[in-house]
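The values are calculated or read from the model by the stated rules, or taken from the named source; none is laboratory data. Keep in mind the model is a prediction, meaning the values are calculated, not measured. Positions of Cβ are backbone-derived with ideal geometry, glycine not excepted, and every protein chain shown enters the neighbour counts. For the accessible areas, the whole protein counts, side chains as well, though only heavy atoms, and no ligand, DNA or RNA atoms are used. Shrake-Rupley method; radii C 1.70, N 1.55, O 1.52, S 1.80 Å.
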Amino acid sequence: MQGARLRYPPGSLVVLTGLPGAGKTTLLRRLYGLRGTESLPVTVGAVTVIDTFQAKRHWYGRLGWLPRPLRRGVIFVTHLSRIRAALARGHAVVAHNRGCGPYVLRGFAWLARGQRASLHLLLLDAPPEVALAGQRARGRVVAPATFARHRRNWDGLVGRVKGGDPAPAAGAYVVDRAGADLLREIVFDAGDLRDAQSTGR
C-alpha cells in the first residue's frame, strides 16, 4: 500500500474477502458511499462495486419456496453473473465475497479469464474474536461449524499468500483492520502497478 492507496490494472477483478464479520462491507461502504440498502451493483466512474448482500436483497422474499441450499445457490449465481456482466462492459470490479475456499477462488479466476481480466485478492485479515464480535454487532452470527470451515480456508489462504503464492490470483495483498482504516482509495490505471503485483503485507 502506498499513501493509503492500492493500484490495479484497468478492468481488473478485485475480490475483497475475509472471515465473516471482518469488516469487508464496512470498508466498501466507506470507500464507495454504499448505504447498505442496495439491491443492484453500484457503479462509481469506471468501477463497479458488487456486494453479495445486493444479490440477497434482490431476491428477498421471493425464494421462500426453495430449500435453503438452493436459495444460497441462486443468490451466489446472481452475484457471479453481475460480476461477469460488469467485466464484459469493460469495468473494473471490486467484489465482496466471504468465501475463500480453493474452488471458489478458482471459479473467480476462471470468470476473470473468460473476460480477459486479471484477478486480484484483497484479504482483510481480522482475528477470529474480532470477526465474531463483528457478527454479533451486525446481528448475523454464523453457525460455529460454518465459521470453523471459514477459518480453515482462511488460514490456508493467508499462509500461502504470505509465503509468496497468490494462486489462482495474479496478485494478493493482506491488510489488517488498522491498515484497512488507512485505505482511502483503490485505483485502476496503467501507472505504477507494483502494489497489484505484490503478495503478502
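If you count, for each residue, the other Cβ atoms within 10 Å and average over each peptide, how do 60-70, 163-173 line up from highest to lowest? Before the final figure, lay out the partial values.
On the way: 60-70: 9.7, 163-173: 18.3.
Listed from highest to lowest mean packing, they are 163-173, 60-70.
Taking other residues whose beta carbon is less than 12 angstrom from the beta carbon of Gly36, and scoring Lys, Arg as +1 and Asp, Glu as -1, yields +4.
Hey, can you rank 38-51, 139-152 by average C-beta count inside 10 Å, highest first?
Numbers: 38-51: 17.3, 139-152: 12.6.
With the highest mean Cβ count within 10 Å placed first, the list reads 38-51, 139-152.
Looking at segment 26-87, the accessible area is 58 square angstrom per residue; that uses a 1.4 Å probe and ignores ligands, DNA and RNA.
Antiparallel versus total DSSP beta bridges in the chain: what percent is that, nearest 5? Before the final figure, lay out the partial values.
Values: 3 of 26 bridges.
DSSP beta bridges in the chain are roughly 10 percent antiparallel.
Legend: P(r) of the chain from all alpha carbon pair distances, 5 Å bins from 0, whole percents, reading 1, 7, 16, 21, 23, 18, 10, 3, 1, 0, 0.
Accessible area of the chain with a 1.4 Å probe: how many percent of it is carbon plus sulfur? Of the solvent-accessible surface of the chain, carbon and sulfur hold 56 percent.
Secondary structure note: in segment 1-117, about 25% of the DSSP beta bridges are antiparallel. Computed over neighbours whose Cβ is under 12 Å from that of Gly156, the net charge equals +3, Lys and Arg +1, Asp and Glu -1.
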